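I have placed the structure first, in the form of structure tokens, so that the comments after it can refer back to it.
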Amino acid sequence: QVQLVESGGGLVQAGGSLRLSCAASGRTFSSFHMGWFRQAPGKEREFVAVITWSGDRTDYADSVKGRFTISRDNAKNTVYLQMNSLKPEDTAVYYCAADKFYFGASNWEYNYWGQGTQVTVSS
């Protein structure tokens, strides 16, 4: 069982940066692949980024490549999403997710989810 708590969201101007954190409970965090997803009002939840349990492989949605970076610190049971050059279209609730076996972009495959943190980018 893994419990996830996101933090770091807020209001930022276009072109600015934010770093989201997702703190996980449980001693097995280091064995889980971790993903970030987002959901804007009236839209479906969409994939943002994913990282393997070891941190040796990452993948990103085309819309955030070159601007966002996912990383993790297994000693701190935390995964991060560094977001640079933010755009108004990045406005959404951001969720972290965990799964022991799945590494990919399908939100249906992740078994554990946080409650989300709001990111608002003003123009």
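The values are calculated or read from the model by the stated rules, or taken from the named source; none is laboratory data. Computed from a predicted structure; not experimentally measured. Using ideal geometry, Cβ is built from the backbone for each residue, glycine included, and neighbour counts are taken over all protein chains shown. Heads up: the accessible areas ignore ligands, DNA and RNA and are worked out on the full protein's heavy atoms, side chains in. Shrake-Rupley method; radii C 1.70, N 1.55, O 1.52, S 1.80 Å.
Here segment 64-107 is the region considered, the condition is being without any contact (Cβ under 8 Å) to a residue 24 or more places away in the chain and among the small types (Gly, Ala, Ser), and the residue that is least open to solvent (accessible area, probe 1.4 Å) is SER71. For residues that are at pLDDT 95 or above and part of a loop (DSSP other than H, G, I, E, B), scanning just segment 78-100, find the one that is nearest to LEU4 (Cα to Cα). Among them, the one singled out is THR91. The listed residues are GLY26, GLY116, GLY15, and the only one of them that is touching a residue at least 60 places away in the same chain (Cβ under 8 Å) and under 17 Å from VAL2 (Cβ atoms) turns out to be GLY116. The numbered conditions (1) part of a strand (DSSP E or B); (2) surrounded by fewer than 16 Cβ atoms within 10 Å (Cβ to Cβ); (3) touching a residue at least 24 places away in the same chain (Cβ under 8 Å) are all true for VAL50 except (2).
I'd like to verify a number: residues in segment 108-123 that are farther than 14 Å from GLY8 by Cα and open to solvent by 60 Å² or more (accessible area, probe 1.4 Å), how many? Looking only at that region, the number is 5. For segment 53-74, filtered to residues that are among the polar types (S, T, N, Q) and assigned to a loop (DSSP other than H, G, I, E, B), the residue that is farthest from MET34 (Cα to Cα) is SER63.
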